[in-house]
Amino acid sequence: MRKLALFSPALLAACATAPAPHGGDPGYVCHNNGLDRFAGRPATSEVGAEMLGASGARTIRWVRFGAMITMEFSPSRLTVRLDPQSRVASATCG
């Protein structure tokens, strides 16, 4: 019984810090609706903040023209692809 009491806090801590499924953040789910309106806008922190607010995403990933990216899915991330002039070409969740 005494050993159980010693390990209980560790077990509770492990449950409390379990990661969200697929690398997402709890409470944040990205939505693609309405992101087309940002096409052609410059890649600035202000535009990024607007895009995060419009999508509900927690994080944003800027992808420069021609850059390669990893393909892991994160439901709380917004991926913004840029054109050669560093303007928004497209934005998708994941």
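The values are calculated or read from the model by the stated rules, or taken from the named source; none is laboratory data. Bear in mind the structure is a predicted one, so any value in this text is a computation, not a measurement. Cβ placement follows ideal geometry from the backbone for every residue including glycine, while neighbour counts extend to all protein chains displayed.
Just a few scattered comments:
- Pick from the stretch 36-59, criterion aliphatic (A, V, I, L, M) and either touching a residue at least 40 places away in the same chain (Cβ under 8 Å) or in a loop (DSSP other than H, G, I, E, B) (or both), ranking: surrounded by the fewest Cβ atoms within 10 Å (Cβ to Cβ): Ala39
- Filtered residues of the stretch 67-88 (kept if part of a loop (DSSP other than H, G, I, E, B) and either touching a residue at least 12 places away in the same chain (Cβ under 8 Å) or within 13 Å of Arg41 (Cα to Cα) (or both)): Glu72, Phe73, Ser74, Pro75, Ser76, Asp83, Pro84, Gln85, Ser86
- Enumeration of residues in the stretch 53-79 that are farther than 11 Å from Asn32 by Cα and aliphatic (A, V, I, L, M): Ile60, Val63, Ala67, Met68, Ile69, Met71
- Assessment of the stretch 9-28 against the conditions (modelled with pLDDT of 80 or more and either of a type in the set (Val, Ile, Thr) or touching a strand residue (DSSP E or B) at 6+ places or on another chain (Cβ under 9 Å) (or both)) yields at least one matching residue.
- Those residues of the stretch 60-85 which are closer than 18 Å to Cys30 by Cα, of a type outside the set (Gly, Ala, Ser) and surrounded by 14 or more Cβ atoms within 10 Å (Cβ to Cβ), in sequence order: Ile60, Arg61, Trp62, Val63, Pro75, Arg77, Leu78, Thr79, Val80, Arg81
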